[in-house]
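What follows is one structure encoded as structure tokens, with my remarks underneath.
The values are calculated or read from the model by the stated rules, or taken from the named source; none is laboratory data. In this text the structure is predicted, and so the values were computed from the model without any measurement. Every residue, glycine among them, receives a Cβ derived from its backbone with ideal geometry; neighbour counts consider all protein chains shown.
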Amino acid sequence: MAVATGVAVANVYYMQPVLALMAADLHVSSRAIGTVSTMMQIGYALGIVAFVPLGDIVQRRSLIVGMFALTTLFLIGVALAPSYGVLAAAILLVGIATTAPQLLMPFAADLATAADRGRVVGIIQTGLVIGTIGARGIGGLLGAHFGWRAVFAFAAAVAAIATIVLSRALPLRVPTVTLRYADIMRSLPGFVVRFPVLRISMGLGFISFGSVAGLWTVLAFHARVIGYGADVVGELGLVAVLGAIVAGASGALGDRRGTLFTGTIGWLVTLVSFVVLFAGGNSIGWVAGAAALLAVGTQQTQIANQARIFALDGTARSRINTVYMFTSYAGAAAGALLAAWSYAAGGWNLFCVAMFVGVAAMGPFLLWYRGVLTPDRVRFAPGARSS
């Protein structure tokens, strides 16, 4: 499941190191190609709402395999896109179809015991992070040597292989909920109203995902300004492997110390990363270090968020994850858009300031979460039970 999650989520991030190449080939501005990056995030958010709730009422293996098959077709469309308009439409469809990670995460949480849920979420999250890292690294290297279209041709081939393998490898699990599609869609707002912890996690996820999407939306353009190409941008993505390493450890740490503890660490590390980006933006070494810090901080935030929301209602994990991840990827879309506009308006420095201010807004959500907990739970409760 961790491998499949990484393969699927990679489709969202292959394009980030080659955005400058795409803009040059299609003769559009950095702002216009940044909008295409935003379309990917919007599509992913829409796909989460449309398909992930089905995980509570249908056979998940068939649903996941079907999503991989659709993704393969749409990736081929991106690779062959003759114009900016066709590209934007195909990217949107890829985002909509690439929902398997958010089906696999609650699937794994269902199979885990309550005591190990944080660790299991951490393992799946490790696969997700490695997929993100690998996509940026592979995208940058393939784009630099073979052009940006080769990146999406490669992605389509990998998705096709995954479709075949998953049709045989995933376990069958009978759904425990018998509802119609319309009923599960109507139930989504109720979870937001019912669980304050979900609302808190939604706010944290919105900002955290926006910070990552913001950096990778403008990094290819900034790297070119300071003298580096798409291959180096891809290599910068590889330094974020620290995030994958920390992901597994953060899940187990959350089981022991609680998700408030790990989430607060993630927030502080994320803040520091944008201070480093502002101060050392003209040095590729400092940018690489800041990218690693950002990966560590945001992954800690994500694992803490999902460990606590998966403990809320065992019969509705797919629907709860739908609400949470929709908000997170809406945040990614907003972050990509804010980054593209701030970078176009004021360059690297304005971008860093805008991102820092946005990340600082996570502080009130963490204080709100602390207020939801009793003092004993703040200190001692495992993440799964601290909600």
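Mind counting the residues in the range 273-293 that are in contact with a Leu (Cβ under 6 Å, 6 or more places away or on another chain) and either under 20 Å from Ala332 (Cα atoms) or of a type in the set (Lys, Arg) (or both)? If you could, list the steps in order and put the result at the bottom.
The first filter runs over the range 273-293 and keeps only residues in contact with a Leu (Cβ under 6 Å, 6 or more places away or on another chain), leaving 273, 288, 290-292.
Right, trim to either under 20 Å from Ala332 (Cα atoms) or of a type in the set (Lys, Arg) (or both) and you get 273, 290-292.
The total comes to 4.
Could we say that Thr163 is surrounded by fewer than 24 Cβ atoms within 10 Å (Cβ to Cβ) and among the polar types (S, T, N, Q) here?
yes
If you go through the range 192-209 one residue at a time, do you hit one that is surrounded by fewer than 22 Cβ atoms within 10 Å (Cβ to Cβ) and either under 26 Å from Ile284 (Cα atoms) or touching a Lys or Arg at 6+ places or on another chain (Cβ under 8 Å) (or both)?
yes
Do we find that Ala10 is under 21 Å from the mean Cα position of the chain (by Cα) and more than 30 Å from Gly346 (Cβ to Cβ) in this structure?
So Ala10 fits the description; yes.
Please state which one of Gly347, Gly331, Gly281 is part of a helix (DSSP H, G or I) and buried (at least 19 other Cβ atoms within 10 Å of the Cβ).
When all the criteria are applied, what remains is Gly331.
For the subset of the range 126-147 comprising residues that are touching a residue at least 40 places away in the same chain (Cβ under 8 Å) and more than 29 Å from Val296 (Cβ to Cβ), which member is surrounded by the most Cβ atoms within 10 Å (Cβ to Cβ)?
My answer is Gly147.
Residues that are among the charged types (D, E, K, R), in a loop (DSSP other than H, G, I, E, B) and in contact (Cβ under 8 Å) with a residue 24 or more places away in the chain: does the range 351-371 have at least one? Even if it seems obvious, please write down each step before you answer.
First, pick out the residues of the range 351-371 that are among the charged types (D, E, K, R): 370.
Next, from what is left, pick out any that are in a loop (DSSP other than H, G, I, E, B): none.
Taking every residue of the range 351-371 in turn, none turns out to be among the charged types (D, E, K, R), in a loop (DSSP other than H, G, I, E, B) and in contact (Cβ under 8 Å) with a residue 24 or more places away in the chain.
Of all the residues that make up the range 178-191, how many are of a type in the set (Val, Ile, Thr) and surrounded by 15 or more Cβ atoms within 10 Å (Cβ to Cβ)?
Step one: of the range 178-191, the residues of a type in the set (Val, Ile, Thr) are 178, 184.
Going one step further and asking which of them are surrounded by 15 or more Cβ atoms within 10 Å (Cβ to Cβ), we end up with 184.
The number of residues fulfilling the criteria is 1.
Considering only the range 107-124, state which residues are more than 21 Å from Leu54 (Cα to Cα) and either acidic (Asp, Glu) or in a helix (DSSP H, G or I) (or both).
Ala114, Ala115, Asp116, Arg117, Gly118, Arg119, Val120, Gly122, Ile123
Looking only at residues that are over 20 Å from the mean Cα position of the chain (by Cα), of a type outside the set (Phe, Trp, Tyr) and at pLDDT below 95 in the range 257-276, which one is nearest to Met202 (Cα to Cα)?
In this case the residue turns out to be Leu260.
Considering each residue of the range 284-295, count those that are touching a helix residue (DSSP H, G or I) at 6+ places or on another chain (Cβ under 8 Å) and surrounded by fewer than 24 Cβ atoms within 10 Å (Cβ to Cβ), and give that number.
6
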